[in-house]
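To start, the structure under review is shown below, and the notes come after it.
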Amino acid sequence: MACKQGKPEIVRMLLDRKIYHNKSNDNGLTPLLTACEHGYTEIVEMLLDRGADFDQSDNKGWTPIMFSCRYNRLKILKMLVGRGALSEKCDSWGQSPVMRACAHGKTKIVRWLLYRDLNYNTCDELGMSPIMKASNGDNLWDRSHVINECDNTEMVGNWKDKRVNYDKVDIDGQSALMYACEFGHKGIVQLLLNKGVDLDKCDNVGKSALMYACEFGHKGIVQLLLNKGVDLDKCDNVGKSALMYSCEMGFIEIVNMLLDRGVDYNKCDKSNRSPLLVVCRNGFSDIFQTLSDKGADCNTFDNRYNTPLIQACRFGHTVIVQKLIEKGVDSNKSDINGWTSIAFACSKGHTEIVKMLLDKKVDCYKLNTLGQSPIMHGVVYGDIEIVQMLFNRGVDCNQCDRKGRSLFMAVCARGLTEFAKILLDKNVDYNKCNKKGWSPLMCACRNGHEEIVKMLLERRVDLNKCNKWRWSATLYSCKHGHQEVLRMLIFSGANIDQCDNNGCSPIMIACKRGHTEIVEMLLNTNADVIKCNNNGQSLLMYACKYSQTEIVRILVDKGIDYSNCDKKGRSSLMYACKYGNTDAVRILLENKGDFNSNYADGSLLLMHALKNSHREIVNILVHKGIGLNECDSSGRSLLMKACEHNDIEITCLLLDRGAELNKCDIFGETPLMKACEHDDEQIVSLLLAKGADYDGFDITGHSPIMKACEHGSTEIVRILLDKGADFKKMDKSGQSPVMKACKQGHEKVASLLFDKGAEFDNFDIIGQSPIMTACEYGHTEIVRTLLDKGADFNKCDSSGQSSIMKACENGHPEIV
């Protein structure tokens, strides 16, 4: 702290008291590193005089010299080097001090280090040399002065120009020139060009220095490269030229410079995209004008058959579209998916472009590969004004796409009432469905377009037609809560009991979604409230399952039978318990719900509530005296479940209500055993205080203390031992509690048992002793304890293996 705050008096006082001065913090920073970082020269000198380690690094591999170079501490640097510090030691990324100085533009540091004739061509893990470090980066200063210092023969003595590898590349194949061009360091570029670097050298993706300068808009650097005779038409690995890069980014001045030098403006990349096509996509109208004036091909297309006009229409570049139309380009060409210029303009809502294309008599009926026309794109995605313009051109009312969707269906789904009326007046087939069975009425009902539904009903549309999932218009209006639409359907005679493929009726769907008013409307229309779905689930079950409390109340008030069960034996009350619908549980219990209905496997209401941690429901049921000592099909009681889930609150509640303390399941396990198994000290203490049997055992002979030993529950073992639990009793395989502890490596538990006088040389039914088990599983400390106790390590089990054999076989050399 004193080094960080720059307090030399405190540092001196601490050093005089012989404090350890090389100690590092969590980041590996020592007092010397901290002083170097903050530039406290006096403190650095003090620490060095007291023998501080000047080559010790932090967690990033930074040494005192590295900090001095990074933060421009020349005086400290000289002091460190004078003491013998390593000036070429690299950090964790392989970067040397001179690299750090170059990267951060520390000219004086670079000059001084180069006096020492360092290896200036050494590269870091990314293959970057000091020259590259000086050339790259996006800092605000131009670091050409750093290159000057690195190349000044008067300062670096015998470091000759010919020794500098200016064309060295990193792991990405990028040279110093490329970095300087990318980050716009014109002075560095000029210096490197004067040194005769390779102008046309490319990196691993085929990009040259000129391409980098064009991509990032450094026109001064482009001019320098052009003056040196750089290759204008060179392309990268995907076929993009320097002109393509400048066109893509919209740098008009660079484009003009390249065109003046005679660049090939029709050259395409490997996707067959020309510079003009790229410009049309990105909307640079000034560059488009320049290229077209030069004679660039306006009818070119890429590998996906995108033309300049298609791209301009797709992205809404109105000025370019106007110019292309004036040049007389083919406006009816389509891309690989059959999409034309007008189709893209319609789908994107480019109203002005659509108007221009229609004025040029473009084919507005041409279909794409999915059988969709421009007007359908306009209806589905576009603008009302576009739809109006296309309607005025005339439409094929009954035309459908490949999925069987008609124009009228799209209009109904979108809710375009005016256009729906026009099509109906043209005698459109309003019952025509798509290939999945969707009708126009279903589309309108699903989205709640009341006016369109009304028009269709006036024409006596087929109300009860269903799609492939047997969903009708009525079901869709119930699902999405469109009350007025449903009211119109009911008034027109729709079947309100028609079910889908899963046997769900409209009122069931409304119950599931919580549309209370719709449920009431259907009940008042005498909807079938007894009907169940294919799984035997009733209306009330749906309402309970999806926590629709108000609907539960309405159904109960209507006298719905809530005692019936689904195909798995689940009642409405059980659904409410399972899914935590507390209010529904109260309502059903107030109306004397069948609380003993249960699953086919024997699980009861309380079991479900407890399993899903719905404590309030458990409370309600227990206070009602429901199923307190009932068991599931495995014989597990509620108390056992509570112990299993470490739920102390429910355990207390059940015990207070008189739950049977020592009731066993079909495996002979008691609640106490479950609590021991799940390491719940609090519940164990509670059960023991209530008089639980601590020496009982299950069908395998496991007692509570044995389970606690097996699971390493030290405190529970101590509690049971204090109660007088039998710790010498063995299970049916002949294993004692101490054997269980030794096998699982629970050293503290084993020590507790040994202190109580547990046998350490007894054997199980296959002749294994505690020491054999500990040796087999590599529990070194337990083996050591047993040996100290005098355990017999020469005895063999029934297969003839001794303790040392067990340790050898399982690879535990320390035990051997």
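Key figures for this structure:
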| read-out | value |
| --- | --- |
| Proximal aspartates and glutamates relative to LYS60, as straight alpha-carbon distance under 13 Å, when same-chain residues fewer than 8 apart are discounted | ASP26, ASP91 |
| Value of D in µm² per second that Stokes-Einstein yields for region 192-265, Kirkwood Rh from Cα pairs, at 37 °C (0.692 mPa s) | 272 |
| Dipole of region 265-394 [Lys/Arg +1, Asp/Glu -1 at C-beta], most positive-end residue of ILE386, VAL319, GLN289 | GLN289 |
| Pairs beyond 27 Å (Cα-Cα), from LYS267/LYS361; LYS479/LYS531; LYS545/LYS663; LYS355/LYS436 | LYS267/LYS361; LYS545/LYS663; LYS355/LYS436 |
| Per-bin percent of Cα-Cα distances, region 265-394 [10 Å] | 14, 47, 30, 9, 0 |
| For region 24-83, average projected area of the Cα convex hull in nm² | 3.5 |
| Tail fraction, Cα-Cα pairs, region 671-784, threshold 16 Å, whole percent | 54 |
| Whole-angstrom Cα spans of region 363-425 along principal axes, big to small | 29, 22, 21 |
| Hydrodynamic radius of region 611-757 per Kirkwood, over alpha carbon pairs, in Å | 15.5 |
| Neighbourhood charge, 14 Å Cβ-Cβ cut-off, centred on ASP425 and excluding it, Lys, Arg +1 and Asp, Glu -1 | 0 |
| Fraction in percent of alpha-carbon pairs per bin - 5 Å, region 462-528 | 3, 21, 34, 28, 11, 2 |
| Within the chain, helix-based [θ] at 222 nm, where runs of 4 or more DSSP H residues each add -39,500 (n - 2.57), nearest 500 | -13000 deg cm²/dmol |
| Whole-Å semi-axes of region 499-560's equivalent ellipsoid (Cα gyration tensor) | 16, 13, 11 |
| Estimated Rh, region 763-816: Kirkwood, alpha-carbon pairs, angstrom | 10.7 |
| Which label in [x] 30.2; [y] 34.8; [z] 36.9 gives the computed Kirkwood radius over Cα pairs in Å | [z] |
| Inter-centroid distance (Cα atoms) of region 22-43 relative to region 736-800, Å | 52 |
| Computed magnitude of the charge dipole of the chain (debye, nearest 20; Cβ of K, R +1, Cβ of D, E -1) | 2160 |
| Cα lying deepest toward the dipole's positive end in the chain, options THR670, LEU424, THR34, charges on Cβ | LEU424 |
| If the convex hull is drawn through the Cα atoms of region 349-469, its volume per residue in Å³ | 94 |
| Taking the chain and dividing mean pair separation by its residue count, relative contact order in percent (alpha carbons under 8 Å, at least six apart) | 3 |
| Distant alpha-carbon pairs in region 458-606 (separation over 19 angstrom), percent | 50 |
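Every read-out reported here was derived from the displayed coordinates using simple, explicitly stated rules and does not represent laboratory data. Everything numeric in this text was worked out from a predicted model, so none of it was measured. Because the Cβ atoms are built from the backbone with ideal geometry, glycine has one as well, and the counts that use them run over all protein chains shown.
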